[in-house]
Amino acid sequence: LAEILPVGGIVSFPYPLLCHKFTFLAYQRVAFGYIFSKVQSVKGGSVIVGGAKTPYGYDIEIVDGKRQLAVNEDEAATIRLIFDLYTRQGKTIYGVKQYLDAHSISKKQKGNLNKARVQQTASRLKAAKKPSDWIAASISKVLGNETYAGRWHYRKTKRIKNPKTGKYKQIPRPRSEWMMIEVPAIVDEATFAEAQRLKNANKRIRKSKSRRTYFLGGMMRCAYCGQSVTGVAVKKGGKEYRYYKCAAFHTMQRYKTKCTESKSHHTRKIDTLVWNWLKDILLDPSTLQRSLDEYQEAQEDVQNPILRMIEASESKLTDLETQLKRLIDAYSAGVLSLADLAKSKADLDKQITDTRKAIEALQADLDPETLTEDDIELIHQFAAAFRENVNLIDADLEARREIAKLLQVKVVMARDYVDISCVLGKTISNVPFDTPRAFCYHAALPETDRKSTMEPQCK
C-alpha cells in the first residue's frame with residue numbers, strides 16, 4: 001500500500017474519510033494487479049490451480065518456470081474407469097458411484113486443508129460413512145470436465161454486483177472469453193463427447209410415469225439429434241393411434257432445441273420389427289449361440305479398463321510396501337522415534353489394506369463379465385422355455401417389454417430405418433421398415449438411398 005498511496009501512506013491524511021477513500025482505492029489497485037498477474041501467467045502457459053483445486057487425475061509440476069498439469073497414473077486409471085462405466089457399460093451416474101463404493105475405490109483428498117476437513121468429518125461421523133467416498137455430484141463434474149479431454153480453461157466466470165441488493169455473484173462468461181491451455185488428456189475426444197451426449201440426453205428423461213405403456217419406452221433415441229424417442233397417442237374419429245416421435249421435435253420447448261426430423265412411425269410397425277428380431281435370436285439355437293459368441297468377444301474390450309485399474313492398484317501397492325520398508329529402516333537406523341513410526345506405520349498399513357481389498361474386488365468383478373459354460377446353459381434353457389410359451393408371450397405386452405429390458409434392447413430410429421442392439425452383442429444396422437421379415441435382418445439401405453439428414457439436424 002505504501003508504494004501505491006502518496007508519500008506518507010495512510011497516516012499522512014488527517015481526515016478519516018479521505019483516508020478510507022484512498023485505502024479502498026489502493027485495495028482495488030492491488031486486487032486488479034493480482035488478477036492481471038494471474039491472466040498474464042495463464043497467457044504464459046501456466047495453469048492457476050493447486051492444492052485441493054488440482055483436478056483429480058493430475059499433479060502439479062514446474063516445467064521451465066511454468067505450472068503444468070502432469071497425469072497421475074493411479075488417479076487417471078480411476079477417471080478412465082468412470083468414463084468407461086458411464087459411456088460403454090451403460091451405468092448411470094449413481095450406478096458408477098455404487099460401483100466405485102462396492103470396489104473400495106475411494107477418492108484421494110488433495111490439499112492439506114481439505115485433508116484436515118475430511119479427518120474432522122470422519123471423527124464427527126464416527127466412521128459411519130467414509131468421507132472420501134465418491135458422491136454423484138463429483139462424478140457428474142468429472143464427466144463434464146474438459147480438462148480430461150486435454151483442455152484446461154480459465155476465466156469461465158466473472159464477478160458482478162447486483163445493483164438492487166449490492167451483493168456480488170459469479171456468472172458464466174461467454175465461451176469466447178475463456179482462456180485455454182492444452183494439457184495431457186486422460187480420455188480421448190470421442191469418449192468425452194459420448195459422455196456429454198449421454199448427460200444431455202439423461203437430463204431430459206421424463207420423471208413422471210406415462211399413462212400408456214409402450215413396448216420400447218425408454219429404449220429408443222433419435223438418429224439425428226441423439227435425444228430420446230417418446231410415445232405419442234393421437235385420437236382420430238374416436239380411435240387412438242400411437243406413434244414413436246423424436247422428443248426434441250414433439251416437446252421442443254422442454255428440450256430448448258428443435259430437431260428437424262419430424263417424421264413419426266406407428267408403434268406397431270417398429271414394435272413388430274424389434275420383437276420379431278428378438279424372437280429370431282431366441283427361437284433359433286444357432287443364432288442364439290452366435291450372439292453369445294459375439295458377447296464373449298465384446299467383454300474383452302469391456303474388461304480392459306478394469307484390468308488397467310488392477311495394474312495401477314498393484315503399482316500403488318508396491319509403492320506403499322516400499323514406503324513401509326523405508327519407514328522401518330529409518331526407525332532401525334535411529335532416524336525416527338517410536339511414536340513417529342507408530343503414527344506413520346498405522347496410516348500406511350491402512351492404505352495397504354484398502355488397496356489390497358480394492359484389487360481383490362476388481363479381480364472378482366472380472367469373472368461375472370465373462371459367461372461361463374453354466375451361464376450359457378442357463379440362457380439356452382431360458383430360450384427353450386421361451387419357445388414353448390412364445391404364443392402366450394406374444395399376447396402379453398408387459399411380458400414382451402420385460403424381456404426387452406432384460407436383454408437391454410436399444411433402438412436408434414431414423415426416417416426409414418432403425419438400428420437395433422441388445423446385451424448379447426447382437427447388433428443390426430440400417431434395417432428398413434418395409435423389408436420383409438425373412439430378409440430384414442440382413443438387408444441395409446444402399447448408400448445412395450440414404451437421405452442427407454444422417455448428420456445432426458438440430459437448431
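Things to note:
- The ellipsoid equivalent to the alpha-carbon distribution of region 257-344 has semi-axes of 61, 21, 10 angstrom, derived from the gyration tensor eigenvalues as √(5λ) and listed largest first.
- Residues of region 387-414 with an amide N closer than 14 Å to a point placed 7 Å from the Cα of Arg242 along the Cα-to-Cβ direction: 395-402.
- Simple spin-label estimate for Gln303 and Ala395 in nanometres, 7 Å along Cα-Cβ: 4.5 nm
- Arg151/Gln89 FRET efficiency (R0 22 Å; Cβ-Cβ; nearest 0.05): 0.30
- Net charge of neighbours whose Cβ lies under 13 Å from the Cβ of Ala193, counting Lys and Arg as +1 and Asp and Glu as -1: -1
- Entries of Lys91/Lys156; Lys158/Lys258; Lys38/Lys316; Lys235/Lys269 with Cα pairs more than 26 Å apart: Lys91/Lys156; Lys158/Lys258; Lys38/Lys316
- Each peptide in 81-88, 377-384, 278-285 gets a packing score, the mean of other Cβ atoms within 10 Å over its residues, and the list from highest to lowest is 81-88, 278-285, 377-384.
- Computed label-point distance, nm, for sites Leu341 and Leu283 using a 7 Å Cα→Cβ extension: 7.6 nm
The numbers here are math on the coordinates, done by the rules we state, and not lab data. Note that the structure is a prediction, hence the values are computed from the model and not measured. Positions of Cβ are backbone-derived with ideal geometry, glycine not excepted, and every protein chain shown enters the neighbour counts.
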